[in-house]
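Structure record follows, encoded as structure tokens.
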Amino acid sequence: MTILQEYQEYKESIKNHRMLFSKWDNVSDKIKIKIFLLLLKLLNFLFPKSNLHRLEKSIKFYLGLIDINTDDWNPQQKPQLFLYFGLPSRPWYEPDDYDVFKIVRDILEEGAEDIKSEYLMNIHNKSNFLIPVLDPKEPSAYEYLTDIELTPSQIKNDWLRIDLWGGGEFTEEARYLFPKTVKILSKLESFMDPFEEDVIYVLKPESFLPPHHDAANNYIGCHLGLIIPENCGFRVGSETRSWTEGKTLFFDQSFEHEVWNRSQKERVVLSVQLRHPELSKFENFLYKLFRKLFGNKPHLL
Ligand SMILES: [Fe+2]
């Protein structure tokens, strides 16, 4: 496939996900979008250092109004909903790359033993708190907004989760079953992406997640290894790494990624989604406003 064909295919997938997610096809929505884009232009003129041109460009691409220059596009990076222009395009980050990552690393790695022991205590108490990541009865936002494809058996058995934080707050289950973890994560709340979820993920023995892309590149994933058997791996872009118990990894899930557990034990990680450190508060605020105004599925917000 040529890069142009790959790009056309990518554009089509964005369009399909957008149609599930946002409303802008009737006349009044189109007018509202035009007003919103004019507002961005005006704000960018008034606050030229605020980088709002990149949000304006990203929204226009999202709506199919402009094209990417394919010479500047990395075809490994295909966020299925929103490509935020002007951010670094790289699959892996190091904790020292940004002060925010250093803080997140230090807090999570310091709390790793407590988080792991809380998880093990809940397992020991046989609390029935893990559910399939992709629920066959109720498709999740993750399924709507990524290109992951799992078999029914994989969906039911292989990949489980407990939601700790979502929609900007901790879940009731997390407060009840994971109070120490909640206390640790609450120190990071100002860095978390309000549109994403913080979750403990369990990948069963001898299972895998096939190559796929997640929804957007304006947040960065952070995993803290909790229980990591031998022969587990995680490829993002063209580089494979593995988790270490008690250590963090930072990565951009808009790059193609896949995960495997070729051991006889469960692999358990805590996953935290952070707003991209290069985005300003102003950009985050306007992006949030855009999603609130034009999202048509409240449960996906
Ligand atoms: Fe993913």
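Read-outs: derived from the displayed coordinates by stated rules, not from any lab. Note that the coordinates shown come from a computational prediction; the quantities given were computed from them, not determined experimentally. Glycine gets a Cβ as well: all are built from the backbone with ideal geometry, and neighbour counts include every protein chain shown.
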Would you please give the residues with an amide H less than 5 Å from that of ILE148, counting only those at least 5 places away or on a separate chain, with H modeled from the backbone geometry? HIS213
What value does the chain have for Rg/Rh, both radii from Cα atoms and Rh as Kirkwood defines it? 0.96
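Per 0.36 nm of contour for each residue apart, how much would the distance between ARG90 and LEU65 grow if the chain were fully extended, relative to their Cα-Cα spacing?
6.4 nm
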For the pair ASP135 and SER186, what calculated FRET efficiency results from E = 1/(1 + (r/R0)^6), where r is the Cβ-Cβ distance and R0 = 25 Å, to the nearest 0.05? 0.40
Length gained, LYS34-LEU4, 0.36 nm per residue minus C-alpha separation, equals 7.9 nm
Rounded FRET efficiency, nearest 0.05, which uses the C-beta distance separating ASN74 from THR240 and R0 of 25 Å: 0.90
Debye sum, Cα scatterers, region 110-166, no solvent: what log₁₀ I/I(0) at q = 0.14 1/Å? -0.50
Scaled radius of gyration (Cα, divided by 2.2 N^0.38 Å) that region 62-125 gives: 1.78
Contact order relative to length of region 92-275, as percent, for alpha carbon pairs under 8 angstrom and 6 or more apart: 26 percent
Cut-off 10 angstrom, C-alpha nodes, Gaussian network model of the chain. Which of THR146, THR171, THR248 fluctuates the most? THR171
Just to be sure I understand the model, the point goes 7 Å from the Cα along the line to the Cβ. What's the resulting LYS281 to GLN264 distance in nm? 5.4 nm
Compute the FRET efficiency between GLU12 and ASP97 as 1/(1 + (r/R0)^6), taking r as their Cβ-Cβ distance and R0 = 35 Å, and round to the nearest 0.05. 0.60
Whole-percent pair-distance distribution, where bins are 10 Å wide, for the alpha carbons of region 218-290: 19, 42, 24, 12, 2
Inter-label distance for LEU120 and LYS288, nm, one decimal - labels placed 7 Å from Cα along Cα-to-Cβ: 3.8 nm
Charged-residue dipole, Cβ positions (Lys, Arg, Asp, Glu), the chain about Cα centre, Debye nearest 20: 960 debye
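Consider all pairwise Cα distances in region 84-232 and report the whole-number % of them above 27 Å.
Numbers: 2821 of 11026 pairs.
Roughly 26 percent, once rounded to a whole number.
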For LEU42, put the label point 7 Å out on the Cα→Cβ axis and report which residues of region 50-85 keep their amide N under 12 Å from it. none
